[in-house]
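*Asks:* Sending over a structure as structure tokens; questions will come in a sec.
The values are calculated or read from the model by the stated rules, or taken from the named source; none is laboratory data. Model, not experiment: these values are computed from the prediction. FYI the Cβ positions are ideal-geometry reconstructions off the backbone, even for glycines, and counts take in every protein chain you see. Just the protein is used for accessible areas: all its heavy atoms, side chains included, with ligands, DNA and RNA removed. Shrake-Rupley method; radii C 1.70, N 1.55, O 1.52, S 1.80 Å.
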Amino acid sequence: MNPPNRDAISDEVTAGPGGAMTVQVGVITGDLTVTTTDQGNGTARVSIQYTGADEWYDLEGSPAPIPRHGLRHLHQAVVHAVREGGAAGTPGTRTLP
């Protein structure tokens, strides 16, 4: 799965303990690339991959609403969450059991 080629922001990050939770394969850890892409409808797709790999995965909670502060604000929150680890998903989208 490749991230769409619209307005997108990407960063490389090392996941914190517990990694990042993906929809397709569960938790991934280590050196990751996170891409947040504006889908053009008020939401953003958050994709993640092992840095240098071909496969992309959706971060749990993606797509997510773009906050009023914009796409970069959402992307920075995602990168922070992945750095923190703990099976990180897209901030603000996880529901409690």
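*Asks:* Could you tell me whether any residue of region 52-71 is part of a helix (DSSP H, G or I) and either out of contact with any His (no Cβ under 7 Å at 6 or more places or on another chain) or polar (S, T, N, Q) (or both)?
*Replies:* yes
*Asks:* For Val25, state whether it is touching a residue at least 40 places away in the same chain (Cβ under 8 Å) and either within 14 Å of Ala8 (Cα to Cα) or surrounded by fewer than 16 Cβ atoms within 10 Å (Cβ to Cβ) (or both).
*Replies:* no
*Asks:* Restricting attention to region 66-80, report how many residues are open to solvent by 90 Å² or more (accessible area, probe 1.4 Å) and at pLDDT 95 or above.
*Replies:* Looking only at that region, the number is 3.
*Asks:* Further question on the same structure: Would you mind stating whether Thr36 is touching a residue at least 40 places away in the same chain (Cβ under 8 Å) and not charged (D, E, K, R)?
*Replies:* For Thr36, the condition - touching a residue at least 40 places away in the same chain (Cβ under 8 Å) and not charged (D, E, K, R) - is met.
*Asks:* Further, regarding this structure: Report, ordered by the first and then the second residue, all pairs with beta carbons closer than 6 Å, sequence separation of six or more or different chains, a first member in region 69-85 that is within 15 Å of Thr22 (Cα to Cα), and a second member that is of a type outside the set (Val, Ile, Thr) and open to solvent by 30 Å² or more (accessible area, probe 1.4 Å).
*Replies:* Here the result reads Val79/Asp11; Ala81/Pro91; Gly85/Pro17; Gly85/Gly18, each pair linking region 69-85 to a residue that is of a type outside the set (Val, Ile, Thr) and open to solvent by 30 Å² or more (accessible area, probe 1.4 Å).
*Asks:* Look at Gly61 and say whether it is within 11 Å of Thr90 (Cβ to Cβ), buried (at least 19 other Cβ atoms within 10 Å of the Cβ) and of a type outside the set (A, V, I, L, M, F, W, C).
*Replies:* It is true that Gly61 is within 11 Å of Thr90 (Cβ to Cβ), buried (at least 19 other Cβ atoms within 10 Å of the Cβ) and of a type outside the set (A, V, I, L, M, F, W, C).
*Asks:* With the structure loaded, tell me whether Val13 is open to solvent by 40 Å² or more (accessible area, probe 1.4 Å) and either basic (Lys, Arg) or part of a strand (DSSP E or B) (or both) or whether it fails that test.
*Replies:* The answer is no for Val13.
*Asks:* Would you call Ala44 assigned to a strand (DSSP E or B), at pLDDT 95 or above, hydrophobic (A, V, I, L, M, F, W, C) and more than 17 Å from Glu84 (Cα to Cα)?
*Replies:* yes
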